[in-house]
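Computed from the coordinates by the stated procedures, all read-outs in this text should not be read as laboratory data. This is a predicted model, so every value here is computed, not measured. Note that we place each Cβ from the backbone using ideal geometry, even for glycine, and neighbour counts take in every protein chain shown.
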Amino acid sequence: MSPDGVAGCIEAPSPVAPARGQREVFCGLTGIVWLHRKMQDAFFLVVGSRTCAHLIQSAAGVMIFAEPRFATAIMDERDLAGLADAHDELDRVVAALLARRPQIRLLFLVGSCPSEVIKLDLSRAAQRLSRTHAPDVRVLAYSGSGIETTFTQGEDACLAAMVPGLAREDAQDALLVVGALPDIVEAQFARLFEALDIGPVRFLPPRASRELPGVGPGTRMLLAQPFLAETARLLQARGAMRIAAPFPFGAQGTSAWLRAAAASFGVADARVDAVIGPAHARAVAALARHREALSGKRIFFFPDSQLEIPLARFVARELGMIPVEIGTPYVHRAHMEPELALLPPDARVVEAGDVEAQLDRVRAARPDLTVCGLGLANPLEAEGLATKWSIELLFSPVHGYEQAADLAGLFARALARRAMLRV
Ligand code: SF4
C-alpha cells in the first residue's frame, strides 16, 4: 500500500445486490439548487406546476437579498387541458424574462412531470428560442422530472444537454474535469493540476457559459461526481477518454483521483508525491479528531444521491466506520469499479431499493447513523435513529483535501446532535 493508503489495494470488488420497489427520492429539479450557483450567466426556467416551484424554493431556501437564477413557468389548467398553446405562452415568458434579465447568456428549459405528461416538446422549444434570441442567448432543454430522474440525475441531464454544443477541442492532452464543483474547490484542484504540470485543464460546468470547454479525441476526462453516466457517455462519443479513478472524497480518494490523472499524463511518481504529499498529510491530520468520534460506529445508507458508494468507502477506510448497508439508486459498473474495489470485502451494496424492505432492515440493524433523504429522516429520528440528510452532501463543499475534515464533520455532527438530545 502506498502512503496515500489506496494505490496497491487488492480487495475484491463487493457484490452488488439489485432490489426493486418503491423509492423515496427527490426529483432532478433539485440539482438546480447547486447548478444555478455555479454558472453565473445561466438561468433555469422550470416548466412545471406550483409543486415544482415549491420544491426548488424550499430546497434552495428563499433568497431575499439576491435574485435567484431560477424560476418556474407555471402551467395552469388551461395548459394542462390543452386549451392554450403552451409553446406560444413559453415564448412570451422567455421573452419577458430575457428583457428583464439581460445578463442571461444560457437559458435552460427544465422539464417536469406536468410538462412530460402533456408531452410538451421542450427540445423543439429550445431550438426555436435559440434561433429567436441568438446570438446573445443560447437555450437548452433537459428533463428534471420525477418520472425520469432522481435528484442528482438532474445535474447529469443538465451537463449532458450541454455536450452537443461544445466546440471541438483539438489540443492533445487536455484535461476535462466533469461535475459541478464549488468555485473554491475548483480553484484548489486547478492549482494542484498546475503544480503537476497537467493541462490545459477545463471544468464542466464552467463558471460562465463563455468558458464552455471544448472536447475532442485529445481530451481526457476525470469525473468529479459519481452520477454522470449520460454526460460521460456523450463526451466519450465525442472522443474523450475517461480516466478511471475513485472519486475525490477524503484524503485517500483525492490522492487516488489525482494520481490516476497524473499517471494518465505520465507525471513521475516523485513529482506527484512532492505535490500532493503535504496536502494529503494535512487532510489526514484534520481527519484524526473525527476518526476518534466515528471509529467503530455503524452506518446505513439509503439509496438517494449516488454518492453512497464513494462515501461508504471514505467513512470505512478513513474514519473506521462500519457500513451496514450501502443503498444506492444506480451502480454504473465501469465508473464504480475503482470504488467497489476499495470497500470492505463484506460490505453489502444494494442497487435501487425497496424502501419498505430497507426500513425493516434499518430498524433491525439499529445503526449509529443513517444517511437518507429528507422524507425518511424525520420518521427515523422519531424512532430514535440518528440521521444525516444526504442532500447536505450535495450542497456543501465536500471534495478534495481541504474539505475532507468538513465532510467527516457532517457525519460527526449528526451523531453529536443525537448524543446531546439523549442527555
Ligand atoms: S418535477 Fe414532478 S416530482 Fe419534481 S416537483 Fe415537479 S411534479 Fe414533483
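As a test of understanding, state the convex hull volume per residue of the stretch 28-149 from its alpha carbons, in Å³. So the per-residue hull volume is 96 Å³. Is the shape of the stretch 136-212 best called rounded, prolate or oblate, per the rule: a/c under 1.5 gives rounded, else a/b larger than b/c gives prolate, else oblate, with a ≥ b ≥ c the square roots of the Cα gyration tensor eigenvalues? Here the stretch 136-212 falls in the prolate category. Each 20 Å bin from zero holds the following percent of Cα-Cα pairs in the chain: 26, 56, 18, 0. Given a cut-off of 13 Å, what percent of all Cα-Cα pairs of the stretch 303-370 lie beyond it? Here the long-distance tail beyond 13 Å is 63 percent of all Cα pairs in the stretch 303-370. Among His335, His36, His54, the order by Cβ neighbours within 10 angstrom, fewest to most, reads His54, His36, His335. Taking other Cβ atoms within 10 Å as a rough exposure proxy, Glu308, Glu356, Glu186 sort from fewest to most as Glu356, Glu186, Glu308. Straight-line cross-link partners of Lys297 among the lysines, defined as a Cα under 27 Å from its Cα and at least 8 positions apart when in the same chain: Lys388. Were the residues from Glu292 through Glu383 laid out at 0.36 nm apart, the gain over their Cα-Cα distance would be 30.1 nm. Rounded, prolate or oblate: which fits the stretch 164-268, taking a ≥ b ≥ c as square roots of the Cα gyration tensor eigenvalues, rounded meaning a/c under 1.5, else prolate when a/b beats b/c? Cα axes put the stretch 164-268 in the rounded bin. FRET efficiency for the Ala270 to Arg366 pair, using the beta carbon distance and R₀ = 51 Å, is estimated at 0.60. Among complete DSSP H helices in the chain, those whose alpha-carbon atoms stretch at least 27 Å along the helix's long axis and whose mean Kyte-Doolittle hydropathy reaches -0.5 are 269-294, 404-422.
Here Thr231, Thr51 are placed in order of increasing Cβ neighbour count within 10 Å, fewest first, which gives Thr51, Thr231.
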